[in-house]
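The structure under discussion appears below in the form of structure tokens.
The values are calculated or read from the model by the stated rules, or taken from the named source; none is laboratory data. Computed from a predicted structure; not experimentally measured. Note that we place each Cβ from the backbone using ideal geometry, even for glycine, and neighbour counts take in every protein chain shown. When the accessible area is computed, the model is the full protein with side chains, heavy atoms only, and any ligands, DNA or RNA have been set aside. Shrake-Rupley method; radii C 1.70, N 1.55, O 1.52, S 1.80 Å.
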Amino acid sequence: MEILLSPVILFFVLGALASAARSDLAIPEAIAKAMSIYLMAAIGLKGGVQVAESGATSALAVSALIGLALSCTVPLWSFWALRGFGRLDAINAGAVAAHYGSVSVVTFAAGSEMLAASGLAAPGHMVAVLALMETPAIAVGLLLARRGAKLAAQGRGDLLHETVLNGPVVLLTGAFVIGLIAGKEGVVPISPFFEAGFRGVLCLFLLDMGLIAVKRLRDNRSLTVRLALLGIAMPLFNGAVAILAAAGLGLDPASAAMLGILGASASYIAVPAAMRLALPQADAGLSLAMSLAVTFPFNILVGIPIYMFLARLVASP
């Protein structure tokens, strides 16, 4: 209950309630983008510093292996569920599956704060796992969509550029490398900026996410009850698979919980940009309605506490 009543969660709820009441409360797009850049830079930098302190470990290798496996396989069973129970065509099923195979940076940030508040501080190398999981799902989702709809591949060079060099991936990876090179002592001069303001910026960013999530739900008419149910069932299943895999390979509860959060999250920044370029036939509004308006609120309000509980239950301390 203490986690659900934290400022991070309450700001998200405030945004959702304001949007539901059709308030004119809004975060200017330029400010929202600046907050996103700040959060990704701070997350990457912190992770790089922590890995520089601890060095390369077996936990890092195991976590990376699990993360990569999830990013490649989650789109497969998600595609099957979306085609069968969700009754989507191959193109839209592939696009949505790619969103669920990739990850959400903001869910990662919120999860990190909630884990730290509960005494399960996630290791810094999880930022590297986050960056690793961003892109493989895009390739798998596109392959499924094109095979199912018998579409020819097109724009491979542009897609590679958009996938590997999109803003979130470049910033996260770059900030991580900077933290890794500079180390704890090297980032001391900039630490006050990236540490003192992090929680406040995260709260305001989640306020904006609450506003956007409810607006997406209100505006999108292609989101059926079946798809909304999948938007809850898929993260629960993916998170549980990730946690059980982490526990089975001997990872600690904090690492298992964070892998569960990553496995359960769904992208609404990097993947939509790639899908607009590579699969313009897909309904972008539907993908965003599921990932941002259903799965993201579910994870923030309900899912993360569940993944934390399950990690504590099955993973060895």
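Per-residue surface analysis assigns residue 180 an accessible area of about 80 Å², computed on protein heavy atoms at 1.4 Å probe radius. How are the alpha carbon pair distances in segment 5-52 distributed across 5 Å bins from zero to the largest one, expressed in percent? Per 5 Å bin, starting at 0, the Cα pair percentages come out as 5, 17, 14, 20, 20, 11, 7, 4, 2, 0.
Taking a ≥ b ≥ c as the square roots of the eigenvalues of the alpha-carbon gyration tensor, the chain is classed rounded because a/c is under 1.5. Restricting the calculation to Cα atoms, segment 166-266 yields a radius of gyration followed by a Dmax of 18.3, 52 Å. For segment 219-259, the alpha carbon convex hull comes to 63 Å³ per residue, rounded to a whole number. Label positions at residue 188 and residue 316, each projected 7 Å from the Cα along the C-beta direction, are separated by 3.9 nm. With the charge dipole of the chain set up from +1 on Lys and Arg Cβ and -1 on Asp and Glu Cβ about the Cα centre, the Cα lying farthest toward the positive end among the listed residues 178, 293, 51 is that of 293. Its Cα centre serving as origin, segment 50-148 has a Cβ charge dipole (Lys and Arg +1, Asp and Glu -1) of approximately 480 debye. Under a GNM of the chain (C-alpha, springs under 10 Å), which listed residue has the highest mean-square fluctuation: 220, 238, 299? Its mean-square fluctuation being the largest, the pick is 220. Answer rounded, prolate or oblate for segment 28-114, using the Cα gyration tensor with square roots of eigenvalues a ≥ b ≥ c: rounded when a/c is under 1.5, else prolate when a/b is larger than b/c, else oblate. Here segment 28-114 falls in the oblate category. Exposed loop sites here mean trypsin sites (Lys or Arg not before Pro) with a DSSP loop assignment and at most 12 other beta-carbon atoms within 10 Å; the chain contains its longest site-free run at 222-317.
Counting heavy atoms of the protein chains alone, residue 24 has an accessible area of about 140 Å² for a 1.4 Å probe. Between 84, 44, 67, find the one with the highest GNM mean-square fluctuation for the chain; connect C-alpha pairs within less than 10 Å. Top of the fluctuation ranking is 84. Charging the Cβ of each Asp and Glu at -1 and of each Lys and Arg at +1, and nothing else, the dipole of segment 179-317 about its Cα centre rounds to 380 debye.
Dipole of the chain, Cα-centred, from +1 at each Lys and Arg C-beta and -1 at each Asp and Glu C-beta, to the nearest 20 debye?
Its charge dipole is roughly 900 debye.
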